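J.: Before I ask anything, here is the structure I am working with.
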Amino acid sequence: MNMKTSTRSARGLLATLLAVVATGAAAHTVWLEREAAGQYRVAFGGHEGRTEAYAASKVGPLDAFAADGGTLPVVRSETGDGVRVRVDGDAAVLLLSFDNGIWSRAEAGRSVEKPMNEVPGAVSGVRALKYHKTISSWDRGSGTATRAWGQPFELVPADAAAPRAGVPLKLRVLIDGKPAAGISVAAGEEGGPGAVSDADGYATIVPQAGFNRIWAGQRSEVEGDPRYTTLSIEYLLGFDAEPQR
C-alpha cells in the first residue's frame, strides 16, 4: 500500500515510509568503482552496465571506516568523468549519498530536471535520492560488515561470513534504523533475481562471483508539496563474492 506523506525533510520522510509499494529495479543508481588501492570513482547510471555524466554537486559526503570502526581521511577531487576519492588507510566500509534532484514531466513531454512549479503543465515530479555502501572487509571479529551505519535507507548483511557465489546471503532493510517490510531487493539495477523484505526487514539474495551490486528501492506518494508528487529512494550495496569452492 502506498503511504501518503506531507512534505518534510528527506530524513523525516524516510522515517515514516515503512509500508510502501516497492518499485522495479530498472533505475539509475550510484556506486563506487575501485581504480587502485584506496582510490575510487563515483559512478552513476546502471542501465545495461552503462554509466552517465552527472553534476559533481549531486555527490554528497563520502565516509570511509577502518575495520575497527574508526573514521579514515578522504580526499575528494572533481575530474572530467566524475568525482574521485582517495582514502588514507585501509577502508573496510565506504558510505555515499547522491541527490539526483527533482525531475518533472508535462503530460506530453519528457522529464526535465526542474520542480513541478517551474514546468508549465507538469503532471508529476519525482524527488530522487540515492544511497550506497561498499563493504571491502568481512572480518568476523570487527563486525563492520554487519553493522548498521545510520544511513537513512540502508541494506545491512545479517551474515558475518564473507559472501560466496551461489550461497544465499541474508540482508536486512532499514529505514532510519528500523526494519522495513515490503521492500524489493534485487541482484543488480536491471531487476535480476531478488526478494521482498519480510516483517522484520529481512530478505535473502544469492550473490554471483565477483563484484555484486545489490539494489533496493521504493517510491512513495507525497502530498502538499508543489515541487514533486513522488519520493524515490534507491540503494546499492556493493561487495565481492568469492567463487564457489
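J.: Could you say whether any residue in segment 167-186 is of a type outside the set (A, V, I, L, M) and under 30 Å from V112 (Cβ atoms)?
T.: Within segment 167-186, the first condition is being of a type outside the set (A, V, I, L, M), and the residues that meet it are 168, 170, 172, 176-179, 182, 184.
Within this subset, residues satisfying the condition of being under 30 Å from V112 (Cβ atoms) are 184.
Yes, some residue in segment 167-186 is of a type outside the set (A, V, I, L, M) and under 30 Å from V112 (Cβ atoms).
J.: Mind counting the residues in segment 214-237 that are under 12 Å from A128 (Cα atoms) and either of a type in the set (A, V, I, L, M) or assigned to a strand (DSSP E or B) (or both)?
T.: So in segment 214-237, the residues under 12 Å from A128 (Cα atoms) come out as 217-220, 228-235.
With the extra rule that they be either of a type in the set (A, V, I, L, M) or assigned to a strand (DSSP E or B) (or both), the set shrinks to 217-220, 230-235.
Within segment 214-237, residues that are under 12 Å from A128 (Cα atoms) and either of a type in the set (A, V, I, L, M) or assigned to a strand (DSSP E or B) (or both) number 10.
J.: Are any residues in segment 133-161 in contact with a helix residue (DSSP H, G or I) (Cβ under 8 Å, 6 or more places away or on another chain) and not in a loop (DSSP other than H, G, I, E, B), and if so, which ones? Don't jump to the end; show me each part of the working.
T.: Just the residues of segment 133-161 that are in contact with a helix residue (DSSP H, G or I) (Cβ under 8 Å, 6 or more places away or on another chain), to begin with: 152-153.
Residue satisfying the conditions is F153 alone.
J.: Identify the single condition in (1) more than 22 Å from the chain's Cα centre (by Cα); (2) within 24 Å of G45 (Cα to Cα); (3) in a loop (DSSP other than H, G, I, E, B) that V167 does not satisfy, given that it satisfies every other one.
T.: (2)
J.: Restricting segment 134-148 to residues that are buried (at least 19 other Cβ atoms within 10 Å of the Cβ) and not aromatic (F, W, Y), which is nearest to the chain's Cα centre (by Cα)?
T.: So the first thing to find is which residues in segment 134-148 are buried (at least 19 other Cβ atoms within 10 Å of the Cβ), and the list is 134-136, 138, 144-145.
Retained after the next criterion (residues that are not aromatic (F, W, Y)): 134-136, 144-145.
Working: T134: 10, I135: 13, S136: 16, T144: 18, A145: 16 Å.
Applying the filter and picking the extreme gives T134.
J.: Which condition from (1) outside any loop (DSSP other than H, G, I, E, B); (2) over 18 Å from the mean Cα position of the chain (by Cα) is the one that A186 breaks?
T.: Failed condition: (2).
Matching residues to (1) buried (at least 16 other Cβ atoms within 10 Å of the Cβ); (2) closer than 27 Å to I175 by Cα:
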site: E52; (1), (2): no, no
site: A56; (1), (2): no, yes
site: A64; (1), (2): yes, yes
site: E78; (1), (2): no, no
site: R84; (1), (2): yes, no
site: L94; (1), (2): yes, yes
site: P115; (1), (2): yes, yes
site: V126; (1), (2): yes, yes
site: H132; (1), (2): yes, yes
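J.: Further question on the same structure: Out of all the residues in segment 111-132, which are in contact with a strand residue (DSSP E or B) (Cβ under 8 Å, 6 or more places away or on another chain) and polar (S, T, N, Q)? Before the answer, list the steps.
T.: Taking segment 111-132 first, the residues in contact with a strand residue (DSSP E or B) (Cβ under 8 Å, 6 or more places away or on another chain) are 111-116, 118-132.
Once the filter is applied, which keeps residues that are in contact with a strand residue (DSSP E or B) (Cβ under 8 Å, 6 or more places away or on another chain) and polar (S, T, N, Q), segment 111-132 yields S111, S124.
Every read-out reported here was derived from the displayed coordinates using simple, explicitly stated rules and does not represent laboratory data. Just so we're clear, the structure is a prediction, and the values are computed from it rather than from any experiment. Reconstructed Cβ throughout: ideal geometry from the backbone, glycine too, with neighbour counts over all protein chains shown.
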